[in-house]
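The values are calculated or read from the model by the stated rules, or taken from the named source; none is laboratory data. Remember, predicted model here, so these are calculated numbers, not experimental data. Note: ideal-geometry Cβ built from the backbone for every residue, glycine included; neighbour counts use all protein chains shown. What goes into the accessible areas is simple: the full protein's heavy atoms, side chains included, and nothing from ligands, DNA or RNA. Shrake-Rupley method; radii C 1.70, N 1.55, O 1.52, S 1.80 Å.
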Amino acid sequence: MTAVVPTETPTLVSGTPVVLRAHGYEAAIASVGASLRSLTFEGRDLVVPFAADELRPAYRGTTLAPWPNRVVDGIHHFDGVEHQLPLTEPNRGHALHGLLSWVDWNVREATDDSVTLVATITAQAGYPWWVVVSTTFSLDADGLTQTVRATNLSDTPAPWGTGPHPYLVAGPATLDEWTLGLPADTVLEVTPDRLAPVALASVTSDAERFDFREPRVLGAVEIDHAYTGLLPDAGARTTVTLTDPSGTGVAMSWGADCAWVQIHTADLPAGPGTPGHRAGLAVEPMTCAPDAFNDDAYDFATGVVSLDPGASHEAGWTISAR
């Protein structure tokens, strides 16, 4: 039998491109990782973009599933069984950001202002469950909303968590000049070398670095931490705001389905001059804490979902211009 060798590259490097337009917004979605490749409002960037035919820089804009953030050492215990995941953050020795960030999702039901993509997590070493995941990106007058829905196809419960990974952009000034509003009163302390969770602390424990309940300029602070103790508004939504000195800005909001948010000032090891260094602020609402699959190891509730056979779980968030 003669092997069939493809003669053409079927897609761009970032996968199948989809562009949504409505109400002054334009969102570019890439099928690899169900990634938000760019988002603009009246031509102004709201996230740090990347090109359609560019290998996505790390996890910028991707959809995180079946866990966001890290599983420490790639080891987790569920229903009394130990599982070892592949270590995808080799410099720190963790399993990072789930299993779908480099999968080419199938594009479904695309319209001018909405698209749904679907991928299946197959049972594998470290995560022996089948879970089908769909995500919908849609534009309206309030901005871009993404929802993620997971359904467990296995005959045993599966651990589950999700979140996005956009880097927000407030305007033309540098990140150091942007004003951050972050309504959260608790931060998760982590080890400085591996970012492994240690304990919860009040943001007042290091207020200059962590307390943005009253919006203030970021300055030179370096943050790569998860927050909880979120302080929702009267509509039961948590909103993080980022404002440029020029007056432009961006906001990200979500409901009670995400009790955690990771904030990262995009500091890169090589420092200033490195492409992407402090180019945007990562704001990652999460349904669960870092290392949530090891819920029993901590004295706080991590929020990991035990997804029963046939059951579904849904979460969502919105990015808006200000």
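Given a Förster radius of 51 Å and the C-beta distance between THR156 and ALA220 as r, what FRET efficiency does 1/(1 + (r/R0)^6) yield to the nearest 0.05? Write out the running numbers ahead of the final one.
Details: r = 48 Å, r/R0 = 0.94.
Taking R0 as 51 Å, the efficiency between THR156 and ALA220 is 0.60.
Just flag the chymotrypsin sites (Phe, Trp or Tyr not before Pro) in segment 255-322 sitting in loop per DSSP whose Cβ has no more than 13 other Cβ atoms within 10 Å.
PHE300
Leaving ligands, DNA and RNA out of it, report the carbon-plus-sulfur percent of the accessible area of segment 190-283 at a 1.4 Å probe. Intermediate results must be reported in sequence, preceding the final value.
On the way: 2400 of 4110 Å².
Here carbon and sulfur together make up 58 percent of the probe-accessible area.
Please compute the contact order of the chain in relative form: average sequence separation of alpha-carbon pairs under 8 Å and at least six residues apart, divided by the residue count, as a percent.
18
Less than 14 Å from a label point 7 Å out along the Cα-to-Cβ axis of ASP113: which backbone N atoms in segment 18-35 qualify, by residue?
Within reach of a label on ASP113: 20-27.
With every protein chain present, what accessible area does GLU177 have (1.4 Å probe, heavy atoms only), rounded to the nearest 10 Å²?
90
Using 0.36 nm per residue, how much length does the chain from ARG44 to GLU177 gain when fully extended, once their Cα-Cα distance is taken away?
Full extension from ARG44 to GLU177 adds 46.1 nm.
Protein chains only, probe 1.4 Å: how do ILE319, ILE75 rank by accessible area, largest first?
I get ILE75, ILE319, largest accessible area first.
Do any trypsin sites (Lys or Arg not before Pro) in segment 1-102 lie in a DSSP loop with no more than 12 other beta carbon atoms within 10 Å, and if so, which?
Nothing satisfies the criteria.
Using a 1.4 Å probe, what is the accessible area per residue for the chain, in Å²?
For the chain, the per-residue accessible area is 42 Å².
So how far, in whole Å, is the C-alpha centre of segment 120-198 from the one of segment 227-293?
That distance is 10 Å.
What is the gain in length, in nm to one decimal, between ASP140 and ASP53 on full extension, counting 0.36 nm per residue of separation less the C-alpha to C-alpha distance?
28.6 nm
Rounded to the nearest percent, how much of the accessible area of segment 24-122 (1.4 Å probe, protein heavy atoms only) is carbon and sulfur?
On segment 24-122, the fraction of accessible area on carbon and sulfur atoms equals 50 percent.
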